[in-house]
Amino acid sequence: MKTDKKERSVSGLAALLVFAVFAIGILFVLLSGAQAYQRITERDRVSYDSRTCIQYLATKLRQAHRPEAVSIVPFGSGDALLIAQQYGEDVYLTRVYCHNGWMMELFTAAEGGFAPEDGEKVLPLAGLSLQQNGNLITATVTDETGAPLQLKLLIRGGEEGLP
């Protein structure tokens, strides 16, 4: 009788040990899967932000009515994309630039002094490099990881469509 009770307790202990090993294995798989999901989600978010910045700049450049309305000017500690627009008799300026880790936009009247912190935050961005060669604008955005993404766009505003 005592041997039977001892065998049951050993077999119960073995079953409990197998269950514990199985539970630890499941927890390990779940934790590693959650960490992988978190890394993938963060990578996708950074990639989305940098692609969205490039598309945002492309859209702003395409809104220019003529190539002369677009220029690169110093603003704050870096350069800004400056797009001039005329509404009636008044001229307004749109500045797109990078300030304190953000892509910023500032829409103002042509006269008046404004600082980079006056703009609206658009998207997180580590850096923005702008160059202009005639009607060709080259913009390089640097995301939070330091990866650059480049846009080259030829401004053709004011031209008629091809026949």
### Message
Show the residue pairs meeting these rules: Cβ distance below 7 Å; 6+ apart or different chains; first residue within segment 125-147 and more than 18 Å from residue 52 (Cβ to Cβ); second residue open to solvent by 60 Å² or more (accessible area, probe 1.4 Å) and of a type in the set (S, T, N, Q).
### Response
138/131; 138/150
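Based on what the data block shows, is residue 84 within 17 Å of residue 56 (Cβ to Cβ) and modelled with pLDDT of 90 or more? Don't jump to the end; show me each part of the working.
Values: within 17 Å of residue 56 (Cβ to Cβ): no; modelled with pLDDT of 90 or more: yes.
Spelling it out, it is not the case that residue 84 is within 17 Å of residue 56 (Cβ to Cβ) and modelled with pLDDT of 90 or more.
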#### Entry: Number of the exception - residue 114 against (1) at pLDDT 85 or above; (2) closer than 30 Å to residue 42 by Cα
(2)
### Query
Tally time: how many residues in segment 70-90 are open to solvent by 60 Å² or more (accessible area, probe 1.4 Å) and farther than 22 Å from residue 126 by Cβ?
5
### Task
Would you point out the residue of segment 99-123, among those that are touching a residue at least 40 places away in the same chain (Cβ under 8 Å) and open to solvent by less than 30 Å² (accessible area, probe 1.4 Å), that is farthest from residue 142 (Cα to Cα)?
116
### Query
Before we move on, is residue 58 surrounded by 17 or more Cβ atoms within 10 Å (Cβ to Cβ) and touching a strand residue (DSSP E or B) at 6+ places or on another chain (Cβ under 9 Å)?
no
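The values are calculated or read from the model by the stated rules, or taken from the named source; none is laboratory data. Just so it is clear, the model here is predicted, and its values are computed rather than measured. FYI the Cβ positions are ideal-geometry reconstructions off the backbone, even for glycines, and counts take in every protein chain you see. With ligands, DNA and RNA removed, areas are computed over all heavy atoms of the protein, side chains included. Shrake-Rupley method; radii C 1.70, N 1.55, O 1.52, S 1.80 Å.
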